[in-house]
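Data block below; observations after.
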Amino acid sequence: MNETNSAPPHVSHPISLTGHELNPAQIETILSHVRQWSKTALKISDRLPLGADSTDVFRSLKPRER
Amino acid sequence: MDLSRLSARSLAGAIRNREISSREATEAAIARLKPVHDRCNAVISFEDDEALAAADRADAALADDAPTGPLHGVPLAHKDMFDRVGKIASWGGNIQATEPAESDATVIARLKHAGALQIAALHLTEFAFGPTGHNYIRGHARNPWATDRITGGSSSGSAISVATGVVPAALGSDTAGSLRLPAAACGIKSLKGTWTRVSRAGCMPLSGALDCVGPIARYMEDIALLFGLLAGHDQRDGASSTLPVPDYLAALDTPVSGMKIGIDERLMSEADGKVQALVAAALDVLVDAGCEKVAVSIRDWREIDHLTQLLQLPEVASAHGAYIRDRGDDYGPQVRSRILFGHFVPAADHQTAARARGMMIDAFLDQVFSRCNALMLPTFADPVPTIAELDVAGGPSLMAKIARVIYYTRPINYLALPALTMPYPRRDDAVPNGFQLVGQPFDEATLISLGAAYEASVPPEVAPIA
């Protein structure tokens with residue numbers, strides 16, 4: 001598996017975001033979800049060809065016979 | 001003539017044949033909407049005078065033998081998130097555009113061109129960002145079948161108004177289930193088309209990579225009629241598909257005998273036992289109509305759900321960035337909390353979700369549609385919850401509760417596939433619920449054929465208004 005993990009770190013102090021202060025408990029709640037999603041992204045990225053592009057969705061949606 | 005039980009197509013025919021005037025139909029719809037709103041909180045703004053003036057114009061046009069469209073003089077109503085000339089849509093919140101719209105959203109323009117008029121702007125979850133019908137700014141919507149239950153969201157007012165027979169059809173939008181969940185909870189139908197099949201120009205954006213607009217109705221013929229009017233390329237929405245639009249009304253009569261319905265037993269087992277029994281009952285109806293059940297095996301469902309959130313949440317956070325920075329206190333607690341998640345998603349993961357979409361769609365199509373014509377899934381994983389059960393505002397259980405509500409709907413948006421929601425056969429006084437039929441890209445016609453065959457055995461119902 002790729003060793004690069006972009007999941008966010010733990011935060012132990014309040015931070016101000018979009019004008020609102022978030023306490024560490026709120027931040028931890030958010031990050032606990034984001035870390036799960038990031039793990040999935042990491043797992044999926046291992047299957048993803050280098051040339052994969054966000055516009056691939058249009059090719060995949062072309063009607064086809066099955 | 002009981003107008004509350006007519007389809008839009010039948011009502012248009014009655015108006016065209018002078019059996020009833022557009023004014024009479026519109027007055028009846030307005031009169032029915034008032035008690036429905038009192039009971040269910042369905043309306044953002046009533047537009048009686050404008051609607052009656054439009055009805056009079058429709059009647060005058062008929063008297064002059066002017067050309068008429070397929071919805072000439074038919075009163076409709078829609079969730080309040082579509083641009084309309086001279087109006088400021090509420091978006092279901094405290095924050096709106098600062099100037100009135102200079103043009104109609106394309107979907108509104110197309111319905112107007114077909115002759116429809118609008119009697120009210122309807123309730124929606126704040127910024128269409130919530131699957132339950134809770135709205136901490138405008139008040140929660142209440143299910144017409146049992147007012148302690150959720151309506152589903154975000155197209156809550158549209159579903160209430162159609163279910164109670166106020167109007168025969170309405171528009172909704174769907175970023176993670178917002179057409180399908182309210183249709184299911186209110187016992188009616190909706191069609192989320194393939195992503196890009198229907199223009200989003202002039203619609204409040206939430207997540208452009210996922211947003212869809214589509215019809216909610218009691219009758220399949222109205223789903224087919226409206227979807228045919230709405231679908232098709234629009235120069236104002238550069239992403240909208242240029243594929244030709246099939247004759248969806250013709251699809252109502254396409255035989256379904258021999259069509260294969262895919263069921264993933266492992267994925268189904270994650271639903272509540274009562275919901276599994278309802279899916280089995282609905283499948284029996286399709287089998288009786290000549291369809292065949294086949295087993296399919298879907299991999300990566302939970303992973304697809306995670307990718308959906310990695311794609312969606314930063315887009316929502318970006319769309320609301322300036323508003324939430326300057327007017328954060330004008331947001332309800334639930335939407336504000338969910339928007340904040342998007343600020344914590346790493347950009348690399350957002351990009352991975354976007355880049356992986358084609359690969360994940362290809363894999364899903366091979367897993368499912370190499371074996372069947374349509375995949376059957378629940379819409380809700382559980383019986384329709386109460387408003388109190390899900391009244392979690394922005395609390396710590398928010399994301400888990402929402403994830404359960406949209407467990408079977410959200411991944412379909414990432415996969416960009418069409419999905420029709422139909423009501424289960426209803427027993428006794430049970431609160432309705434519904435299932436999805438998911439189709440191949442741009443094959444909405446097959447879903448319409450299956451829906452029509454199903455409706456022949458499970459006829460539409462009208463919810464009580466008191």
Signed unit charges on C-beta, dipole axis of chain B, positive-most listed residue B:A224, B:L311, B:F369: B:L311
If a/c stays under 1.5 just call it rounded; otherwise compare a/b with b/c (prolate if a/b is bigger, oblate if not). Do that for segment B:200-318, with a ≥ b ≥ c from the square roots of the Cα gyration tensor eigenvalues. oblate
On a straight-distance basis, which lysines could pair with A:K39 in a cross-link, Cα separation under 26 angstrom, same-chain partners fewer than 8 positions away excluded? B:K401
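Indicate, rounded to the nearest 5 percent, the antiparallel portion of the DSSP beta bridges found entirely in chain B. Walk me through the numbers before you get to the answer.
On the way: 27 of 38 bridges.
Percentage antiparallel, nearest 5: 70.
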Dimensionless Rg/Rh of segment B:365-442 - Kirkwood Rh, Rg from C-alpha atoms: 1.04
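Rounded to the nearest 20 Debye, what is the dipole magnitude of segment B:399-466 about its Cα centre when Lys and Arg each give +1 and Asp and Glu each give -1 at the C-beta? Working shown, then result.
Numbers: 5 positive and 6 negative charges, 77 e Å.
The dipole of segment B:399-466 has a size of about 380 debye.
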Ranked output for segments B:231-244, B:444-457, B:325-338, B:404-417 by mean other Cβ atoms within 10 Å, highest leading, reads B:404-417, B:444-457, B:325-338, B:231-244
Mind giving me the nanometre distance, one decimal, between the label points for B:A403 and A:E28, set 7 Å out from Cα along Cα→Cβ? 1.8
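Using just the helices of the protein assembly as shown, give the 222 nm mean residue ellipticity in deg cm²/dmol: DSSP H runs with n ≥ 4 each add -39,500 (n - 2.57), and the total is spread over all residues, rounded to 500.
Details: 20 runs with 212 residues, N = 532.
Theoretical 222 nm ellipticity from helices: -12000 deg cm²/dmol.
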Percent of C-alpha pairs per 10 Å bin, the protein assembly as shown, short to long: 4, 20, 31, 27, 14, 4, 1, 0
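Given a Förster radius of 22 Å and the C-beta distance between B:S269 and B:V294 as r, what FRET efficiency does 1/(1 + (r/R0)^6) yield to the nearest 0.05?
Working: r = 17 Å, r/R0 = 0.78.
Efficiency at R0 = 22 Å is approximately 0.80.
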Classify segment A:23-66 as rounded, prolate or oblate from the Cα gyration tensor: take a ≥ b ≥ c as the square roots of its eigenvalues, call it rounded if a/c is under 1.5, otherwise prolate when a/b beats b/c and oblate if not. prolate
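How high is the relative contact order of chain B, in percent, counting Cα pairs under 8 Å that sit 6 or more residues apart?
Working: 1080 pairs, mean separation 83.7, N = 466.
It comes to 18 percent, rounded to a whole number.
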Going through the cross-link list A:K43/B:K274; A:K62/B:K260; B:K87/B:K192, which pairs have a Cα-Cα distance over 23 Å in this structure? A:K43/B:K274; B:K87/B:K192
Whole-number percent relative contact order across segment B:293-384, with pairs defined as alpha carbons under 8 Å at least 6 apart: 42
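If R₀ is 25 angstrom, what is the calculated FRET efficiency for the pair B:I20 and B:S45, using the beta carbon separation as r and rounding to 0.05?
Working: r = 26 Å, r/R0 = 1.04.
Given R0 = 25 Å and the Cβ-Cβ separation, E is 0.45.
In debye, nearest 20: dipole of the protein assembly as shown around its Cα centre with unit charges on the Cβ of K, R (+) and D, E (-)?
Details: 50 positive and 61 negative charges, 158 e Å.
Charge dipole of the protein assembly as shown: 760 debye, to the nearest 20.
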Signed unit charges on C-beta, dipole axis of the protein assembly as shown, positive-most listed residue B:V167, B:S257, B:F129: B:S257
Long-range amide H contacts for B:W195: which residues qualify at under 5 Å (H placed 1.01 Å from N, peptide plane, sequence gap of 5 or more or a different chain)? B:L417
Over segment B:377-422, calculate the relative contact order: mean separation of alpha carbon pairs under 8 Å at least 6 apart, over the residue count, as a percent. 52
Just the ratio, please: alpha-carbon radius of gyration of chain B over 2.2 N^0.38 Å, N its number of residues. 0.90
Give the cross-link partners of B:K189 among the lysines, using a straight C-alpha distance below 18 Å as the criterion and excluding same-chain residues fewer than 8 apart. B:K79
Convert each backbone phi in segment B:167-179 into a coupling constant with the Karplus relation 6.51 cos²θ - 1.76 cosθ + 1.60 (shift: θ = phi - 60°), then list the ³J(HN,Hα) values in order as whole Hz, x for Gly and Pro. 10, x, 7, 7, 8, x, 10, 8, 10, 8, x, 6, 8
Cα pair distances exceeding 18 angstrom across segment B:89-214, given as percent: 51
Convert each backbone phi in segment B:314-319 into a coupling constant with the Karplus relation 6.51 cos²θ - 1.76 cosθ + 1.60 (shift: θ = phi - 60°), then list the ³J(HN,Hα) values in order as whole Hz, x for Gly and Pro. x, 5, 5, 4, 5, 4
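Please compute, for peptide B:302-309, the average count of beta-carbon atoms on other protein chains lying within 10 Å of each residue's beta-carbon.
On the way: counts 2, 6, 2, 2, 9, 4, 1, 5.
Per residue, the number of nearby Cβ atoms from other chains is 4 on average.
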Placing +1 on each Lys and Arg Cβ and -1 on each Asp and Glu Cβ in segment B:87-191, then taking the dipole about the Cα centre, the residue among B:N143, B:S155, B:G187 whose Cα reaches farthest towards the positive end is B:G187
Three-way shape call for segment B:66-159 based on the alpha-carbon gyration tensor, with the a/c threshold at 1.5: oblate
Going Cα to Cα from B:K112, which aspartates and glutamates come in below 12 Å? Please leave out same-chain ones fewer than 8 positions away. B:D104
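Computed from the coordinates by the stated procedures, all read-outs in this text should not be read as laboratory data. As the structure is a prediction and not an experimental result, all values here were calculated from the model. Every residue, glycine as well, gets a Cβ built from its backbone with ideal geometry; the counts of neighbours run over all protein chains shown.
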